[in-house]
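Report on the structure given below.
Coordinate-derived values only; no laboratory data. Please read these numbers as outputs of a predicted model, since none were measured by experiment. Glycine gets a Cβ as well: all are built from the backbone with ideal geometry, and neighbour counts include every protein chain shown.
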Amino acid sequence: MKGYFTLIYAINVLHSITHCRAEYDVTSICTLVKDNVRVASTDSCKNYFTCQNGKAIAESCPDEQLFHKDHQLCKPSTEVDCYWGVATPCSTRDEPTFIPIVGTCKGWIHCKDGKEAGRGECGQNLVFKDGRCEYGECREEYDPSGLQSICQIMPNNKYFGSSIDCARWQICRNDLLKFGYCKNSLVYNPLTGECIYEMKNTCNYVTGESILPDEEISGTCTSSDSAIASVIKCSMYFQCINGEWTRRDCAANQFYDIVEKQCADYVAAITNDKCDRCEFSKGDFVNDVDPKNCSKYVYCRNGKRKSKGSCPSGRYFNEPSQACLSTGEDVNSAEEGSGENDIAGLGTSLALYNKSHGACKTNDVLISTQSYII
């Protein structure tokens, strides 16, 4: 079965993506919204982008004006509350308030009477968000721009899509991200802002990679609430601490097991069917969650999910061998005498493979991600 050791490497054609020059992935953001929606720039309060056909067009306001994301137009600087690229970010704030230090997730500035009254940073296990220090940890995904929520650049009260789930819709309310899911197997169409039956190309904007800095779960909780797995990173989960949902990360080479409710070895851990299993991957391909016959796989690049595929009928994907094998095939037996593939873990039939690989466990443990919405 040597042919199957190389078949996967011939199936991937990756498309390069050109991003606009900005401190966040504005090109990807534009694939999630209707045409003519304008999003703010984090380069400067004067700059913004108009989304057209999934592309971003860079524009700028005239002198003495700044971009107002909610009004979707340029307005006098005295009427716009913005601090991106501003030398004196407190100048438009007469009332006492706290604003973030751009480029950090913990730093804050205290504004009073239009002037800076002090600055500092949140303590251990705290991040600065929504004008205060909250329980949480600085995410490695945080952009140097200091963008902590898509609602800092996205207009309020306008629906948009998700790059990780075609059925998910999102909206900013009072600069806080809210989301939900289309019902009855419908998917969300960003161009129309409606839940529709899936058609060809409807879900092209779903890349499987999160482009939002927002935590997927936030808000208050009770001490009796159990931990909730992330639908973005398999190594991440949320735990109720001091009445707030707080992000937690497993150690290196561990995923959060949704059955055992704890971190476990990434190969053996049973994860939900949304998170990215490419994290910690040693090869170019990993098993996708597939408790039926373990035939699905994911192509990884730099530890990130890029595309998905499936083995031919009667075969399953064997991650150590990086190949599609017959459901009863033993790799070492198939390659006996070559010495090239005598690696621990390769020689396993599907029946044995299921027992040690969490993505392929046959017991019905997959949890609907819709139950995560709180």
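In order along segment 195-201, phi translates into HN-Hα couplings of 8, 9, 6, 5, 10, 4, 6 Hz, rounded to whole numbers, per the Karplus curve 6.51 cos²θ - 1.76 cosθ + 1.60 with θ = phi - 60° and x for Gly and Pro. For the set Lys304/Lys361; Lys55/Lys183; Lys158/Lys178; Lys55/Lys233; Lys46/Lys75, the pairs lying more than 18 angstrom apart at their alpha carbons are Lys304/Lys361; Lys55/Lys183; Lys55/Lys233.
Computed from backbone phi with θ = phi - 60° and the Karplus coefficients 6.51, -1.76 and 1.60, the 3J(HN,Hα) list for segment 89-96 is x, 8, 4, 9, 10, 7, 7, x Hz; x is used for glycine and proline. Computed from the Cβ-Cβ distance with R0 of 35 Å, the FRET efficiency linking Leu352 to Asn125 stands at 0.25. For an R0 of 35 angstrom, estimate the FRET efficiency from the Cβ-Cβ distance between Lys308 and Glu79 and round to the nearest 0.05. That pair, Lys308 with Glu79, gives E of 0.15. Phi-derived couplings, Karplus 6.51 cos²θ - 1.76 cosθ + 1.60 at θ = phi - 60°, listed residue by residue for segment 27-41: 4, 5, 4, 5, 7, 9, 10, 5, 4, 6, 6, 10, 10, 6, 9 Hz, with x used for Gly and Pro. Using a simple spin-label model with pseudo-atoms 7 Å out from Cα toward Cβ, Cys138 and Asn253 lie 2.7 nm apart.
In a fully extended conformation the segment linking Leu186 and Asp35 would gain 52.2 nm over its present Cα-Cα distance, using 0.36 nm per residue.
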